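Student: Sending over a structure as structure tokens; questions will come in a sec.
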Amino acid sequence: MAASRYRRFLRLCEEWPVEEAKRQRDLGAFLRQRVAQAFREGENTPISDPEACDQMYESLVRIHTNFYKNKYPRLKNTTFTGVTVEDCRMILATDILKQMEDMKKGTWKRLREKFSAKKPEEDSK
């Protein structure tokens, strides 16, 4: 029975899209990582709580298929601010968030990083 659960999770991982714009924050990549951890032995992995495993799978399928989005359709595809889904995706992209974080830095910190001999990553270690 564990083999069929493993195959279902693998199929779900294959179908789940990976968003390159959200590097290191993508739900699809996180899901793949967790499935690999949970099924370390592949089809031979013993499952301690099959009911919880099935429940988690069903929940992920509902998220993937937009079950609740289809069940409760919205009148408009914008937020109360008027921002569209595409605008939100663009704003939440990793590159944009990094640029915004750089803009928050003070002038002194930016100058120090610019003229510093070592890289900023070494500074945080």
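Student: Using DSSP to call loops (not H, G, I, E or B), can you name the GluC sites (Glu not before Pro) in segment 16-45 whose Cβ has at most 16 other Cβ atoms within 10 angstrom?
Tutor: On the way: sites: Glu19, Glu20, Glu41, Glu43; in loops: Glu19, Glu41.
Qualifying residues, ordered by number: Glu19, Glu41.
Student: Right, something else. Taking all pairs of different Cα atoms in segment 23-99, averaging 1/r and flipping that mean, what Kirkwood radius in angstroms comes out? Working shown, then result.
Tutor: Working: mean 1/r = 0.0635 Å⁻¹.
Evaluated on segment 23-99, it is 15.8 Å.
Student: Just how much of Phe67 is accessible, in Å², when a 1.4 Å probe is used and the result is rounded to the nearest 10?
Tutor: 90 Å²
The values are calculated or read from the model by the stated rules, or taken from the named source; none is laboratory data. Values in this document were obtained by computation on a predicted structure and should not be read as measured data. Please note: Cβ atoms are built from the backbone with ideal geometry, for glycine as well, and neighbour counts cover all protein chains shown. The area values use the complete protein model at the heavy-atom level, side chains included, leaving out ligands, DNA and RNA. Shrake-Rupley method; radii C 1.70, N 1.55, O 1.52, S 1.80 Å.
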